[in-house]
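Okay, so here's the structure we're looking at.
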Amino acid sequence: MSGTNGQPVLPIWPEGASLEYQAARAQLARAERALRDHVEAVAAARRALPPGPVLRDYELAEDGLDGPVRTPLRELFGEHDTLLVYHLMFHPDHDEACPMCSTWVDALRGVAVHLARHTSFVVIAKAPLDKLRAWADRRGWDGLRILSSHGTTFNADLNAERRDGNQRPMVSVLRAEGDAVRHFYSQPANHFDGAERGLDLLNPVWNVLDMLPGGRGDWYADNDYVPEGGGVRATASA
């Protein structure tokens with residue numbers, strides 16, 4: 001049997017696999033290929049969205065060379081015409097960010113150097129800058145541009161904040177058009193109908209767990225493993 005490139009197709013199981021296993025794995029492979037095609041179709045539909053609304057040019061707080069500064073939203077694009085925003089769920093009254101949100105930022109930090117070739121990327125939270133800075137230091141988020149929207153309507157205007165003031169985990173893609181900033185796309189952690197797993201594709205943790213025999217189960221991230229003042233540390237299994 002040959003693949004689409006004319007090359008022979010190698011089995012995706014080792015020697016000794018039963019005929020029952022081979023048949024089930026081949027059926028799964030067809031489903032995995034169909035899933036890939038559907039993901040590509042959804043991505044094409046996303047790219048074809050009509051223009052979103054023009055946003056206000058909010059001024060967000062971040063660390064400067066000589067202390068905190070206010071940076072206009074438009075300036076965050078740098079040399080790119082797009083800006084990827086992770087809306088970190090961090091209420092101003094709390095001392096820690098949402099643990100699940102933080103795992104997403106952990107994941108995005110790992111590929112930030114590659115994202116930088118295509119888009120600017122920032123993390124924005126409603127918590128005051130001092131709390132946000134302390135949390136970023138504790139998580140080890142060096143190299144990421146972290147900003148506070150405290151005192152602005154940025155979160156509420158983009159629906160990254162609920163009416164009761166609670167924060168909403170979400171990613172947004174913004175586009176620069178001259179001096180203006182236009183909204184392109186947002187996706188919260190929950191789908192429009194309330195179903196969970198709206199951001200799964202952005203985090204390898206879930207995708208890897210789905211490959212394991214036990215699946216993801218009911219695991220939920222927590223902040224207990226983050227050392228004080230140290231950042232996230234990986235441990236190797238024996």
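The values are calculated or read from the model by the stated rules, or taken from the named source; none is laboratory data. Computed from a prediction, not measured in an experiment: that's the story for all the values here. In this analysis, Cβ positions are derived from the backbone assuming ideal geometry, glycine residues included, and neighbour counts consider all displayed protein chains.
A few notes on this one:
- Checking each residue in the range 136-156 for being at pLDDT below 95 and either over 17 Å from Leu76 (Cβ atoms) or of a type in the set (S, T, N, Q) (or both) picks out Asp137, Arg138, Arg139, Gly140, Asp142.
- Identity of the residue in the range 117-132, in a helix (DSSP H, G or I) and over 19 Å from the mean Cα position of the chain (by Cα), that ends up surrounded by the most Cβ atoms within 10 Å (Cβ to Cβ): Lys131
- Among residues of the range 137-160 being of a type in the set (Ser, Thr, Tyr) and part of a loop (DSSP other than H, G, I, E, B), the one that is nearest to Val111 (Cα to Cα) is Ser149.
- Per the listing Glu96, Glu62, the residue uniquely farther than 30 Å from Glu177 by Cβ and either outside the structural domain of Glu161 (by TED's automatic domain parsing) or buried (at least 16 other Cβ atoms within 10 Å of the Cβ) (or both) is Glu96.
- For Asp157, the requirement of being acidic (Asp, Glu) and either more than 19 Å from Glu59 (Cβ to Cβ) or out of contact with any strand residue (DSSP E or B) (no Cβ under 8 Å at 6 or more places or on another chain) (or both) is not met.
- Residue match in the range 18-39 (condition: on the phi < 0 side of the Ramachandran plot and not in a helix (DSSP H, G or I)): yes
- The residue of the range 201-237 that is nearest to Pro99 (Cα to Cα), among those that are among the acidic types (Asp, Glu) and at pLDDT below 90, is Asp222.
- Candidate set: the range 66-88, residues that are among the acidic types (Asp, Glu) and either over 22 Å from the mean Cα position of the chain (by Cα) or part of a loop (DSSP other than H, G, I, E, B) (or both); chosen: the one surrounded by the most Cβ atoms within 10 Å (Cβ to Cβ): Asp81
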